[in-house]
1. Can you tell me what the convex hull of the Cα atoms of the range 197-330 projects to on average, as an area in nm²?
2. Could you list the residues of the range 62-92 with an amide nitrogen less than 12 Å from a label point located 7 Å from the Cα of residue 27 in the Cα-to-C-beta direction?
3. Please list 408-415, 259-266, 152-159 highest first by mean number of surrounding beta-carbon atoms within 10 Å per residue.
4. Highest first, please rank the peptides 223-229, 137-143, 103-109 by the mean number of other Cβ atoms sitting within 10 Å of their residues.
5. What percent do you get for the relative contact order of the range 5-101 when only Cα pairs under 8 Å and 6+ apart count?
6. Take the alpha carbon atoms of the range 101-256, find their radius of gyration, then divide it by 2.2 N^0.38 Å using N residues; give the quotient.
7. Rounded to a whole number of µm²/s, how large is the Stokes-Einstein D of the chain at 10 °C and 1.306 mPa s, given Rh as the Kirkwood radius over C-alpha pairs?
8. In whole angstrom, how long is each semi-axis of the equivalent ellipsoid of the range 311-418, when you take the square root of 5 times every eigenvalue of its Cα gyration tensor and sort them from largest down?
């Protein structure tokens, strides 16, 4: 078992996906760092800063399988420097005429921040893909259950009737806004860093900005408009968007968790034979996906808080703030990736019990239809007086354990203002649904683009 749960052979599948985990393994991360060094050497050779033959050899030998990562770790501990161990081991596989030209003028943060830009680029693609997949599943549910009536609840209590399609459309619209947010920040996040010692590019002289542009282009990244050694707003925005995206999926999971309770029984996760809810209560089918979504979202939110803390930096470089990213960024990415993957599974397999929804609505004995009655009485008595009248009738009816219609007709003020025929019309469920169907149609019609694959990785 790994020291961290994400690396556990037993539990790692709960805390990250293989797709995201590969970005953060020693081999995966180191290979991207080597790709960055190769791109740097190639761009420098184009500008005559290093010999072309050296750039070619760096490109040929900057391969993680040629390096002893255990030795890299030993040298890192020995030197106390974040990348010097890597450079030392890499230089040993390069020829004598190339060794002096690798990592030419660059700093640790040039490499790691460019890696961060690549990670943010890759994760943006993953999040867009999976958000669209969840949205697509919810849009199908919204269309299918456009007119499936159920109890709408506020403060955990029955409120007014809604449809399940309306509920699903609310979720889908929120996810779509996250899609828009990710689309809006793609170019802003996917930038490299090649700034040198204090961010001015002084080592490379007049060629610095051209070198930076060509270096970033080779990696498929944008060149930043300004050095961001201490400007960590991109990282903060990125992790905040991870947290918001995971938070919405967790909110959906929380609703399923509550509505799957047998006393409500309106929604259920899909069930796979062999999955055990309890080893002491064999009858249980626990909402495992829904529950775990809440856990994962909490992990991502904690990373977002650290990312915001990291915006406060000292002077032109601050390792204390910046290196915290090495811990929270992988953890937030893996938890968010796992949350979205579980969200896809949950939404695609969600089971809707329309009959139970209708039954639960009937069991409210009409009290969830108080608003149409209030609106009708308001035209005759005034809104606030009408509210007092309906409230008194409802409270008296609940205390006497009678239905809402009988409670209303038992109040002479209601009986004088509304005839029985009109009251029956007001106590029809359709009178309380408002524009739910139209709102569902609007969300379904405006669905996001067809879900696509995540973009290729940096190699």
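Coordinate-derived values only; no laboratory data. Values in this document were obtained by computation on a predicted structure and should not be read as measured data. No Cβ is skipped: glycine too gets one built from the backbone with ideal geometry, and neighbour counts run over all protein chains shown.
1. 12.5 nm²
2. Inside the label zone: 64-67, 69.
3. Values: 408-415: 17.0, 259-266: 15.4, 152-159: 11.8.
Sorting 408-415, 259-266, 152-159 by mean packing, highest first, produces 408-415, 259-266, 152-159.
4. 137-143, 103-109, 223-229
5. With pairs under 8 Å counted, the relative contact order is 21 percent.
6. Details: Rg = 21.9 Å, N = 156, 2.2 N^0.38 = 15.0 Å.
Working it through for the range 101-256, the quotient is 1.46.
7. 61 µm²/s
8. Details: eigenvalues 624, 112, 24 Å².
After scaling each eigenvalue by five and taking roots: 56, 24, 11 Å.
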